[in-house]
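All remarks here apply to the structure that follows.
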Amino acid sequence: MVFSSHLFLFWFLPIALGLYYVSPRRTRHLVLTLLSYVFYGWENPAFCVLLLFSTAVDYLAGLRMDAAAGGDAAPRPSARRRWLLFSLVTNLGLLGFFKYFNFGLESWNGLVRAAGLEGAAIETALRVTLPLGISFYTFQSMSYSIDVYRGRVRAIRSFVDFACFVSMFPQLVAGPIVRFAEVADQLRNRSHTLAKFARGAAFLTVGLAKKVLLANPCARVADAVFDAGSASVLDAWQGLVAYAFQIYFDFSGYSDMAIGLGLMLGFVFPKNFDSPYRATSMTDFWRRWHISLSTWLRDYLYIPLGGNRRGPGRTYVNLAITMLLGGLWHGAAWNFVAWGAYHGALLALERRVGEERLYSWLPRPLRIAVVFVLVLFSWVLFRAADLTSALDYFARLLGLAPVLPPAALLPALVRSPYLVATLVLAAVVTWGAPQTWTWTRSLGTTRLATAGGLLLLVLAMLATQDYNPFIYFIF
């Protein structure tokens, strides 16, 4: 079920809010959990079984680790480690199988056939379907087990409360990746106020506007250019910039909606985007883009690997490993590995030279422009179907690929006044508009009227647009 759909906006959401608020306080988490499972299993109920199993594993592991911590008895660190290992192996095993089975099989077969070892190829009709949002809820649930093991949080006693934390429909499918420590107190007690609900509705409206009014039209341009067999230099750059705006407004729009829906239910989720295209270095970009993932990778991967505590050489290796695995987290394909390697190399370079030394000779606007172009190159790897397609697109950007006759049709598809105006508006919002987090803090009459007008425009546009799921649904 997609937030930007009539089914969600006119049916699921009103029913969910109504059931939630008429329920007694002691049963609200149960109601919210059941609603979340309906939301998650709408297209494929079988995925709910996997979600429930993952939840049960980490709930049990948390209780056992808490019990092994001691209390009135002697602590048993070896038991705690075994239960942590049980949680990690189960979660990563599920994620690895469902997300990387097809990729591993295809990579192995390609390797042995290239080596002339046809007999070593694995022939099977089995192909694994990727469960919606498994990358997000696996990381979220797994962070709970790790934090219990580290003693940063106490294990939760109520299975319903824990299931509510893992499955909450606002952030279940595409984040933010909410850590248990961020909502533990809210699960015990939280406020439900008109001001919080109004801010949540404004967040939801702005997120819908980003998705429907900006991301979806930008997707039309990006899809036309990336899927074309050929393109001129100008068309290639327009398609790439359109994709950069599409993925930003698509994902930040989803995060805004998730945060807004959380507020409407009384929860405060962390900020997930901080104007990333205004970054002045690649390190700064990763402080601003998908903050819940970048901080997760930092706290649960980069720092445990040693971070920057073991000398420059080890620091660069740790950065490379973190970003390579971050690339694989996004997708099971070699172009995502290359995407992670690209970002890891740039982060290592900035660490080696120093952010200021590397960019200090440029005025701030040019620093932002340079970083944006560096990010654009990485989006080629992210959007392309495979590495061969990515290299072909780089050649188009640099004018090194022949422009075939069908490319003459592209300008008519991507340069209509509506699409060009959308790209201009996307640029204005990206570099000139306040963040949703800031804009919704104080809602006066003017801002409420603006939000109402945006909502009406979004609903009108939804009637004219084809189904367009969120990009991060496939991760």
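The values are calculated or read from the model by the stated rules, or taken from the named source; none is laboratory data. Just so it is clear, the model here is predicted, and its values are computed rather than measured. Cβ atoms come from the backbone with ideal geometry, glycine included; neighbour counts cover every protein chain shown.
Some notes on this structure:
- Extreme residue, nearest to Phe162 (Cα to Cα), among residues of segment 120-145 that are surrounded by 17 or more Cβ atoms within 10 Å (Cβ to Cβ) and either touching a Ser or Thr at 6+ places or on another chain (Cβ under 8 Å) or of a type in the set (Lys, Arg) (or both): Ser141
Per-residue answers, yes or no, for (1) surrounded by fewer than 23 Cβ atoms within 10 Å (Cβ to Cβ); (2) farther than 18 Å from Arg25 by Cα:
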position: Gln171; (1), (2): no, yes
position: Ala174; (1), (2): no, yes
position: Glu182; (1), (2): yes, yes
position: Gln186; (1), (2): yes, no
position: His192; (1), (2): yes, no
position: Ala195; (1), (2): yes, yes
position: Ala201; (1), (2): yes, yes
position: Gly207; (1), (2): no, yes
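- Extreme residue, nearest to the chain's Cα centre (by Cα), among residues of segment 132-176 that are polar (S, T, N, Q) and within 22 Å of Tyr20 (Cβ to Cβ): Gln171
- Test: residue in segment 364-381 that is assigned to a loop (DSSP other than H, G, I, E, B), out of contact with any Pro (no Cβ under 6 Å at 6 or more places or on another chain), within 28 Å of Gln238 (Cβ to Cβ) and not charged (D, E, K, R): no
- For segment 233-257, taking the residues that are charged (D, E, K, R) and closer than 23 Å to Ala202 by Cβ, the one that is surrounded by the fewest Cβ atoms within 10 Å (Cβ to Cβ) is identified as Asp250.
- Segments classed as helices (runs of 4 or more DSSP H), wholly inside segment 275-356, with at least 3 members that are among the β-branched types (Val, Ile, Thr), out of contact with any helix residue (DSSP H, G or I) (no Cβ under 7 Å at 6 or more places or on another chain) and farther than 22 Å from Ile471 by Cβ: none
- Residues of segment 417-467 that are more than 28 Å from Ala198 (Cβ to Cβ) and surrounded by 15 or more Cβ atoms within 10 Å (Cβ to Cβ): Leu419, Thr422, Leu423.
- Segment 76-95, residues that are loosely packed, with under 15 Cβ neighbours inside 10 Å and of a type outside the set (Lys, Arg): Pro77, Ser78, Ala79, Leu85, Val89, Leu92, Gly93
- Of all residues making up segment 228-282, the number that are in contact with a Pro (Cβ under 6 Å, 6 or more places away or on another chain) and free of Cβ contacts under 8 Å to residues at least 12 places away in the same chain: 0
- Condition met for Phe169 (modelled with pLDDT under 95 and of a type in the set (A, V, I, L, M, F, W, C)): yes
Every residue, every condition in (1) polar (S, T, N, Q); (2) in a helix (DSSP H, G or I); (3) assigned by TED's automatic domain parsing to the domain that holds Arg154; (4) without any contact (Cβ under 8 Å) to a residue 40 or more places away in the chain, yes or no:
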| position | (1), (2), (3), (4) |
| --- | --- |
| Asn44 | yes, no, yes, no |
| Ser78 | yes, yes, yes, yes |
| Leu88 | no, yes, yes, no |
| Tyr100 | no, yes, yes, no |
| Leu105 | no, yes, yes, yes |
| Asn109 | yes, yes, yes, yes |
| Glu123 | no, no, yes, yes |
| Arg127 | no, no, yes, yes |
| Leu130 | no, no, yes, no |
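- Contact map, segment 167-190: first residue among the basic types (Lys, Arg), second residue buried (at least 16 other Cβ atoms within 10 Å of the Cβ), Cβ cut-off under 6 Å, separation 6 or more or different chains; pairs are Arg179/Ser143; Arg190/Gly266.
- Test: residue in segment 108-119 that is farther than 30 Å from Leu17 by Cβ and surrounded by 14 or more Cβ atoms within 10 Å (Cβ to Cβ): yes
- Qualifying residue in segment 191-203 (condition: among the small types (Gly, Ala, Ser) and within 28 Å of Arg298 (Cβ to Cβ)): no
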